Structure formats: structure tokens, C-alpha cells
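Single-structure report; data block below.
The values are calculated or read from the model by the stated rules, or taken from the named source; none is laboratory data. Not measured: the values here are computed from a predicted model. When we count neighbours, we look across all protein chains shown, and the Cβ atoms used for this are built from the backbone with ideal geometry, even at glycine. What goes into the accessible areas is simple: the full protein's heavy atoms, side chains included, and nothing from ligands, DNA or RNA. Shrake-Rupley method; radii C 1.70, N 1.55, O 1.52, S 1.80 Å.
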Amino acid sequence: MAGGRETCLTLIGFILTCLKMVASLKSAPEIPTIDQAYSKISNSITVEWATVPGATSYLLRAEDGDTVIETMVANSPGTVTGLKAATLYEITIRSISAAGRSQASPPKQAKTVLAAPILEVSSPSSDSILVQWEAVYMAIGFSVSIMRANGLGSIWKENTTNTSLTFTSLEAGTLYTIKAYAWNANGIPGDDSTCNQRTSPRAPANIQVSFDSGALKASFSWAPAEGAFNYTVMALSDSSELTCSTTLSSCTISSLQCGTEYLISVLASNDAGSNKSSSAVTLKTVACAPGRVMIQEEPPGHLSVTWSDVDLGDYYVAFVKSDDGLEVHCNTSLTQCNFLSECGFTYFISVFAYNKAGQSPLGDIFNYTTAPCCPSDINPVLVSSDRVEIVWSPVRGAELYETKAVDGYNVVECNDTAPACTLSALECDTKYNITVYSFSEVRGSNMSCTPQFITTAPCSPEIKNVSRDAFSMINVHWRSTNDDATYTVTAQGEKGQYQCSSMGESCTMGGLPCGSVFSVTAVAETQAGRSLPSYSVPLETAPCCPTGLTVTQITQSVINVSWTIGTVAQTHVVVLESHTGQSKCHTHQNHCLLGCITCGINYTVTLKAISATGLAADCSFQSYFSSACCPLGVKLYRLGPNGIRIYWQASRGSANYSTDLYGSKGIFTCTPSAGRSFCDVAEIPCGDVYTVMVSPVAETGLKLTFCPEKIYSVTCSGSILGMVIYRGKRNEE
């Protein structure tokens, strides 16, 4: 059912269309007649015809056998577009009105012209333009013309059968208009193509280079190039390419590499292309700073600075500046410089390479510190037996001083930051090799310092014995191991100091005061100095002998010896000695009674002073003659009225005597002549009682009074001689 209905509707539509066509045929306008059909553009054909009355529009139809293209136009002429170039078309036209359209006009053939060449234009140089195109269908030749775009100047036209053409002798940097078309075998030109092309600029010339060696940059300038919109400077090396661009006539490239040779070219550019400078400029930058700088100090006092060779380096300058500000340098084409150096300095070293471009950039600054100076004025301020104190002036560069004392086997060291050292625990009388090394943390010890020999003071002697001889000389003996030493022994006491010297092991001193206590020490002395004193040994001298020794005859058999007590003496021994015997006493007093003395004999008196320690001094040897013995048989005889003779009998030996008569009327004395045993008194009153004493007279003239006295009475009656009556001894009364 559905299918039958659709068939019916289709049939009805077809019938209506046919009816309409019939109606239009009956009222359609006249058929137009084509006057001419021609092509001026490769994709269209223009048709001209006479106007058809009543027609409101026209339908143009172009058919090439493959395609049909229709175009509705309002009146003549009309153009069919969208056609193929160089193609033969059959053209028909229909007039159209409200009543319908007419039948197609008789056909007329027309052929589209050639297509326009598709141009590719460039400016290979500043005075030429190259025009290129692909082959155009049905074309047998081409016409290309060129003129300045601003219309000035003439037109240059060229015909060619090729597909490219170059116009030369043009102005640089100028905009040109290029027009080209193809023609066919009939000489009919096809569509033309028009384009504008500018010639490329001229190549920059007169390139100038200014190099800043410090900043490693270069400024470039050149004469402006005709037709250039902008410029590019290219610096080409083996390893890099650096550029800078500008619209001006100068440009600067930074960050150049040291030690590099650049080829400099300038490219002028515009929208047509670019043109490079014909001759390149060579730029050699400064050399790079020398590397592998090595500093050696050998021998001391000479610095050797070496470095590696660098590219583009013509010569080198090495600068050495010490930390006191002094700077020296050397120029060389080699890779080594030698400088004089001083100890204790820090040197700052830099090496530059030079060429025509200037000085290389600053490389690493090296510092080298020389060994500290050696102390030169080492002065021993104290040298003792076991110690040496030395001082010296501070030296440059020293942070620490190392002092070593070597005696061949043993080493004594001291380290200090001060310029002084005390070496202790040394051996006495020993020669030491003493060296003061200066030290710095950077360089260590200066091992070239000169040693100094210092011998310690001699060893202290040891006193072995102190003795006295018979002459009161003090002998001191000691023991020592010193070489070539002079020894001085000193006895020091309250009463002074006494010394003796010797190069041996003993010396003798005398003149020490008696009764003194001394401290005896010994000191050794050499050119190196003095030793410490030995341990002291006490020394006591014998007590001083008493002064004023006096012997007094007390009785005929007793004498008294007295003295002034001497220093230190505590007791005394007195000895009275003769051929008959010896009398002796020991006392702590200053006198002594000696009995059993024989009268009239020569005695030797000896006094010995003894100290509390038993030290004795034989002080005095004195001869003493005991008094004469008292006379025996003393008698008086009358001599005349007033005279009297005293007579006696000497007991032993010869002696002088003195006679004294003591009475109430006076004292009468007579002295007999030497060798006589009587004495006469001329005038003596009678009638008185006299005490008579005959006394021996000592050699000193002293009259001894210890002899017995006798009493006589002298009367005045009787003979001329008178009477002398013995009345006895005085002690008998």
C-alpha cells in the first residue's frame, strides 16, 4: 500500500512540471545572439550580445566537455568566471523574463588566455633582482618588466622563453615593481603577475674595531650601507660565534673570550635579504691569564716563578709585591722569572700576558711566604752551671721560636713566642750547640739558622778537707771535674772575708783572725762563668791569745800569772817550767797561782788558750826569773852615834837587795853596791824601834816585799857603837 501511494505522487509531480514547461515555452523571450566572446583573464570569458526585449536577465553557459559553468548576468556584456586557463569553451546564452527563459543561443567558441606566471622574486645582490616562475600551460614566451615602485625612472622590459630572468645594475636597497605575463603561440598575452621586490643593501665597508681589554668587549663601527634596515655583527672563532644587531652603524659585543682570534664581519639586512662585508676584519683579544703558576724558593733568597704558555701571548710580566708594599716586576718572552726574596715576607705574585690588544685579565693572585728570618743577635744574659738564659731581637715572620741545645747525646728544647728562652736541666761545664729556629705556621721552621756554641758554667767543687798546719795556715782540698777552671776558696766570717785561688785541687790561706768562725766555700770559674758555691764547710780558728800576760811574785815560792782573756777562749792552761820541774794550772779565769817555785831560777812561762770546742792556741813563751831568795842572818851593827850597818847572807846566786828600816821617826832605805851583802845607813836616830827588811830587787827594779821582817831596838846609851838589841820578827809580835 505504501509503495503504490508513493508511485502515484511521483507521477502527479512529473505531469505538473511538463504543463509548466509548456506554458513557459509559449511565453519565453527571444533567443539572444552572441556578438563576440573573448577572454582577457585566464579564468573568465566575456560575452557581448544584443539586448533582448522583455528580458530581465541572461544565463551564460560555458562548457568544455568536462565541466559546465553557468553564470546569471543582468545585461551585456557578461562574464563567465571560474574557468580554466588556456581552455577552449563553447559559450551559449539564454534570455530570461518573467514568462520564462529562451532557448540557448547558437554556440560560440572562445578560449581563455594563459594563466599568469607565479613569480618568485629575490635580490641575490644589492644591484640585482632575480625573477623566477614555473612553466605556464600553453605558453611559448614570457614578458617581464621592472620599474621603481615609486614610478620614477624608466621601465625595463625583457622577453624570454626561460622561466627565470635577472635584472642587474639596479640601485641597492630600492623597492621595485616587477610585472610578468606569458603569451601563447598566437602571441596573445595571458594574465600578468605583479609583485614588489627590494634590492638587498650594499655590503658594509670601512669596519672599525675598538677593543676594551679590561672588559673583554669590542665596539664595532662602519660606514652606513645603502638600503640597510639593520645590521648584524658576527664575531666568529673556532669555538664560538657571537653577534650583535642594531639599526645604527655601531654595535658592541661583550663577553669575548681571552686568547681568541675572531673573524669579524658585518651583515647589512633589509626585507630583501642581507649582504655581508666583503673583507673580514681579524680581532685578536688579549691573551688569557697564564695558568699553572708555580713558585719555588731555591736556594733561600731566590724566588723562581714559572707559568704555562698561553695563546696569543707576545710577552709576560710577572709582578711580585711584598707585604711591606714594595713591588718589583720582570718582563720576559719566556715562561719564567727570578726574583730576589727576603726572609719573613709574604709575597703576592701575579702574572699577566701581553699582546697588541693589551693586558690579559687578572688571573689568580698567588701568595708565597718565605721562611721566617733567623735570629742573629743571640745574647746569653745568664749562664749558670745548669741553666742558660738567652735573648734575641724579634725577627720578621716568626710566630714561634724553637730553641735546641745539643751536647752530642742529649737534646734540651724550649718553644716560646717570646724572643727569649731559658734552657734548664743542663749539664755543668758542658759545651752546647745552641740553635734558635724561627717558625711560622705557613712555612714551618727555618732550618738554616746558624748555631752558637755556649759552654755552661763549671760544676761546683766539693770540699773534701779543711786542715791547719803548724804555721796556722788553712789548707783547703776539693774535688772537681771541670776543665781549665780557676777555683776560689772563700772563708767568710764576721771579721771579714779571706780567699785563696788555684787551678789545682787545693789552696792555702793565711792571716785569718783568731777566735773567729768562718764558712768556707769553693767556687769554680771559667770563661763560661762561675759555678754555684760548693756546700760550705765550717772553720773555727784558734782562740785569740790573751794580751798583757803578767807574772807577779807573791811569795818566794808562789807566783801569780794573770792576763786579759782573749776572744773565744774558754779556759787557759799556764805552765811554769824549769830544769827543776814544772808547775801547771788550768783555769777558766784570767789568772792563776803557781806554787812550789824555786827562788832564783829562770823559768819558762807558757800560756795556752782553749776554745769550747777544744781548739787550743799556744799563745806565749815567756822567760821568767824567779825572785832571789830572801837573805839569811840579817843583823844590825852600830856605826858611830847615828849610823848603822845592816848585814845579811845571800842564800843562792847573786842578787841585788834593798834594805828598809821603818821606825817612828822615819823610814830609812839603803841600797848596797852590787855583789855586797851589807848596807850602811848614816844618820838614824837612836832610841827607837826599827823594823828591818832586806828584800831582793827584781830585774825590773821592783822590790819584793815577801821576805820576813826583823825588829831591832837602837838605844842611845853605851859605846859609840851603841847597842842594837834584836827584838824578833815582826810577825812574832
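Would you mind getting the accessible area per residue of segment 379-455, heavy atoms of the protein chains only, 1.4 Å probe, in Å²?
Here the residues of segment 379-455 average 53 Å² of exposed surface.
In the structure displayed, which of 321/356; 108/179; 464/495 lie more than 29 Å apart, Cα to Cα?
108/179
Take the alpha carbon atoms of segment 418-440, find their center, do the same for segment 669-685, and report the distance between the two centers in whole angstrom.
99 Å
How many angstrom lie between the Cα centre of segment 162-183 and the Cα centre of segment 284-300?
Each part's Cα centre sits 63 Å from the other's.
Gap in Å between the Cα centre of segment 193-256 and the Cα centre of segment 564-626?
First find each Cα centre; the distance between them is then 141 Å.
Which of the lysines could a cross-linker bridge to residue 635, judged by Cα under 30 Å and excluding same-chain residues fewer than eight apart?
Of all the lysines, those that pass the test against residue 635 - Cα under 30 Å, at least 8 places apart if same chain - are 665, 703, 710, 729.
Say each of residue 499 and residue 159 gets a label point 7 Å from the Cα, pointing the same way as Cα to Cβ; how far apart are those two points in nm?
The two pseudo-label positions are separated by 14.7 nm.
Please calculate the 1.4 Å probe accessible area of residue 503, with all protein chains present, and give it to the nearest 10 Å².
My reading of the accessible area for residue 503 is about 130 Å².
Of all accessible surface on the chain at a 1.4 Å probe, what whole percent is carbon and sulfur?
Using a 1.4 Å probe with all protein chains present, the chain comes out at 51 percent carbon and sulfur.
Please enumerate, by chain and number, the aspartates and glutamates with C-alpha under 14 Å from the C-alpha of residue 40, excluding those fewer than 8 residues away in the same chain.
48, 191, 192
Dipole magnitude of the chain about its Cα centre, charges +1 at Lys/Arg Cβ and -1 at Asp/Glu Cβ only, in debye to the nearest 20? If you can, show how the numbers build up before the last one.
Details: 44 positive and 61 negative charges, 475 e Å.
Charge dipole, the chain, about its Cα centre: 2280 debye, nearest 20.
Answer with one residue from 357, 368, 307: the one whose Cα lies farthest towards the positive end of the charge dipole of segment 294-370, charges on Cβ with Lys, Arg +1 and Asp, Glu -1.
The one lying farthest along the dipole's positive direction is 357.
Which entry is the computed Cα extents along the principal axes in Å for this structure: (1) 96, 69, 63; (2) 264, 79, 50; (3) 95, 68, 44?
The value computed from this structure is option (2).
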